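Novice: Have a look at the structure that comes next, please.
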Amino acid sequence: MRIEYTARRNLAAGHTLDGAYEIVVLGERWEPAFDFEQTRNVSLDRSRVEVDLWGTEQFIDVTTDFIPIGTATAHFEEFLHSVAAGEDFLFDPSSDTAALAVSPLTVMMESSKYRRDRSMPGYYRYSFVVRVAA
C-alpha cells in the first residue's frame, strides 16, 4: 500500500515540518465497510416502516504487514501522528511501488487511535481505520 501525507507532528529524523512524504509498505489486509446514514420511522401500530436514506460512508480497516523497527517505523508513526487531527491524505491500497498510483483514495483517519502490534521480534504491525472522502 502507498500513502502520501504532509508531516505535521512527531517528525522523524531528517524530515521537515509541512514536508510532503510517501510511504510504501505491504498491507496485510484492508477491508472496506459501509455505513448507511438513515432515519427509521415506525408507525405507532408497527404496521409500517419508513426509511429515509441520506448518505453512505465508506471506511477501510487497515492492517500493515510487519515493518522492521527503526527508521521505517519512525516514518510510519510520523505519518500516523501527522494525520491524527483529521488531515486528508492519499491512500492507495493496490500500489506497492513509490510514485505509482493504481487506485488512490483521499481519506482521513476515522478513529483517534491506532494499534501497534509486536508479535514478531524486531517488527511492528499497525492497524487503523480510515474514512474515504466523499
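Each value in this text was obtained by applying a stated rule to the coordinates, not by laboratory testing. The shown structure was predicted, so the numbers you read here are calculated from the model rather than taken from an experiment. We place every Cβ from the backbone using ideal geometry, glycine too, and count neighbours over all the protein chains shown.
Novice: If you line up the long axis of helix 71-82 against the longest principal axis of the chain, both from Cα atoms, how many degrees apart are they, to the nearest 10?
Specialist: 40 degrees
Novice: Take the alpha-carbon centre of segment 50-112, take the same for segment 1-18, and report the distance between them in whole Å.
Specialist: 14 Å
Novice: Given a Förster radius of 30 Å and the C-beta distance between Ala134 and Asp96 as r, what FRET efficiency does 1/(1 + (r/R0)^6) yield to the nearest 0.05?
Specialist: Rounded to the nearest 0.05, the efficiency is 0.65.
Novice: Let me ask another. Give the order of Val129, Val107, Val25 when sorted by the count of other beta carbons within 10 angstrom, beginning with the fewest.
Specialist: Ascending Cβ contact count within 10 Å gives the list Val129, Val25, Val107.
Novice: What percentages make up the Cα-Cα pair-distance distribution of the chain when the bins are 5 Å wide from 0?
Specialist: 2, 10, 17, 20, 18, 10, 6, 5, 4, 3, 3, 2, 0, 0
Novice: Only counting other Cβ atoms within 10 Å, I'd like Tyr126, Tyr21 sorted with the fewest neighbours first.
Specialist: Final ranking by Cβ density, sparse to dense: Tyr21, Tyr126.
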